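The values are calculated or read from the model by the stated rules, or taken from the named source; none is laboratory data. As the structure is a computational prediction, the values presented were derived from the model and not from experiment. Cβ atoms come from the backbone with ideal geometry, glycine included; neighbour counts cover every protein chain shown.
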Amino acid sequence: MFRCGQLCSRVFAVEFDLRTEPLYFTLNSTPQVLHKAYQELFGDDGKLFSLHVHCDNRIEKAQTHAEIKHQLSIALSRDCDVFEASSFIPDVKNSLVKGFFIRDKSTTDLSEDVLKTLQQSKSVCVFSYKREGQYCWQEMLSPVNQVEESVRQYITPAAAAEHHPSTLNIRNSDVFYNMDEAYKVLKECTDIIPESKEVLKLVDEQLETSRGDGFPVIVIEGLDATGKTTLTEALRESLNATLLKSPPQCLAPFRQRFDSEPPLIRRAFYALGNYITAAHIGKESLRAPVIVDRFWHSTAAYAIATAVGGRVENLPEPGSELYKWPEDLLKPNLVLLLTVSPEERLRRLRDRGQDKTIEEAELEVNQLFRLKVEEAYKRIQNPACIIVDASPSPQEVLQQVQHLIRNKYHL
Ligand SMILES: Nc1ncnc2c1ncn2[C@@H]1O[C@H](COP(=O)(O)OP(=O)(O)O)[C@@H](O)[C@H]1O
Ligand SMILES: Nc1ccn([C@@H]2O[C@H](COP(=O)(O)OP(=O)(O)O)[C@@H](O)[C@H]2O)c(=O)n1
């Protein structure tokens, strides 16, 4: 956790262009000559500010960050660019503090006024940036304590981090590797989100069963509109199987509520959904084969792809512990990942013409995000997924999958 004024050991990353590396810098009390890339970005072209949220309560921190993102999107003028920015200690887990970098090219003081208002919250810290020849320094926008004089900290270029900063906080903030950690998050929310209590009650009620040696459990994964519903229905018929999904039906009334919450809370909700579905799988697989429409691969892949800004290269490297299956979650026997080309997927989405979740709508416009979700799916291990080309006709996809299942189980 950092406090305003204790920034020197930290590296700052500003995502000026999501297709390239962030711009990294540290702060130093002596002036540093900046080379061209930094001079351009910290140049005379507008007023520059950064804003960070620091707060010991993680629920409050997540909600403040989301609220500020919303405020910046509605309150600033069109002449303002807002970039994701973070501060972190290289390769130190959980050291990431998220924030924003604001470039205001307008001639008004609107952005400064908006930021001063936001700064009134004790968990928000705002800095402004000034140029002086080849140097650039940062100082607090207006010191919280007026008696204390604002200290100039000079921008000092820093080397690229080995691990993209956004990967540092994934564990237990975006992806949960055991049930207790996800459970704790919802428990901390019960005062502000009353529905959390009901979700936790459902979790408590469901967790009695464990799985013996039953029938095979086959999970079907893939981006929206890759044909999961079509295939899972067909498999249910042809294998005389039970069809389950994650999140389970009993969480449907709460889904919209948790989808509107920041990642920490939303991801904990989906994580718990997997444990409820696992309990159902445990019971049902004693009677018949079980087909599952989305499970932990979806929870982890979407969470990682959302948490990690920018390019596919920024994802945690293959083999990272972040792709490891939770130790206490039922393991399916087979996980199949349906893939289609982006063009075919868009065609199917359009034909279906139904409402999409905001995240899915984002996929459509955000090629980078789609690539990251697919790549994260493929990097998850033990169980890893088997890739199925889902572009042929529904009948052919079914046959292909039946063949894979028959080879493994003689069903
Ligand atoms: N193999 C296929 N070939 C062509 N269209 C398909 C195929 N599988 C599914 N579709 C169509 O694509 C759309 C999305 O399929 P759906 O099964 O609902 O995907 P998901 O459950 O993955 O979102 C539906 O309109 C469906 O009829
Ligand atoms: N097991 C699951 C299932 C969905 N999800 C989330 O739910 C979203 C997709 O769910 P969806 O119901 O729209 O997908 P489709 O059933 O439309 O394919 C993803 O954006 C994930 O963030 C999850 O995290 N874990």
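Key figures
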read-out	value
Residues being of a type in the set (A, V, I, L, M), exposed (fewer than 12 other Cβ atoms within 10 Å of the Cβ) and either touching a helix residue (DSSP H, G or I) at 6+ places or on another chain (Cβ under 8 Å) or modelled with pLDDT of 85 or more (or both) - total across segment 103-154	0
Scope segment 290-333; condition within 16 Å of the chain's Cα centre (by Cα) and closer than 22 Å to ALA225 by Cβ; matching residues	TRP296, HIS297, SER298, THR299, ALA300, ALA301, TYR302, ALA303, ILE304, ALA305, THR306, VAL312
Residues located in segment 55-110, provided they are part of a helix (DSSP H, G or I) and closer than 26 Å to LYS184 by Cα	ARG58, ILE59, GLU60, LYS61, ALA62, GLN63, THR64, HIS65, ALA66, GLU67, ILE68, LYS69
Which listed residue is within 30 Å of SER260 (Cβ to Cβ), under 26 Å from the mean Cα position of the chain (by Cα) and acidic (Asp, Glu), from ASP91, ASP56	ASP56
Which numbered condition THR277 fails, given (1) touching a Leu at 6+ places or on another chain (Cβ under 8 Å); (2) under 21 Å from PRO165 (Cα atoms)	(2)
Pick from segment 189-244, criterion outside any loop (DSSP other than H, G, I, E, B) and of a type in the set (Ser, Thr, Tyr), ranking: surrounded by the most Cβ atoms within 10 Å (Cβ to Cβ)	SER196
Selection within segment 276-293 - within 16 Å of ARG255 (Cβ to Cβ) and surrounded by fewer than 24 Cβ atoms within 10 Å (Cβ to Cβ)	ILE276, ASP293
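The rows are residues; the columns are (1) more than 19 Å from the chain's Cα centre (by Cα); (2) within 21 Å of ASN314 (Cβ to Cβ); (3) among the aliphatic types (A, V, I, L, M).
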| residue | (1), (2), (3) |
| --- | --- |
| GLU15 | no, yes, no |
| ASN28 | yes, no, no |
| GLU40 | yes, no, no |
| HIS52 | no, yes, no |
| ALA75 | yes, no, yes |
| CYS80 | yes, no, no |
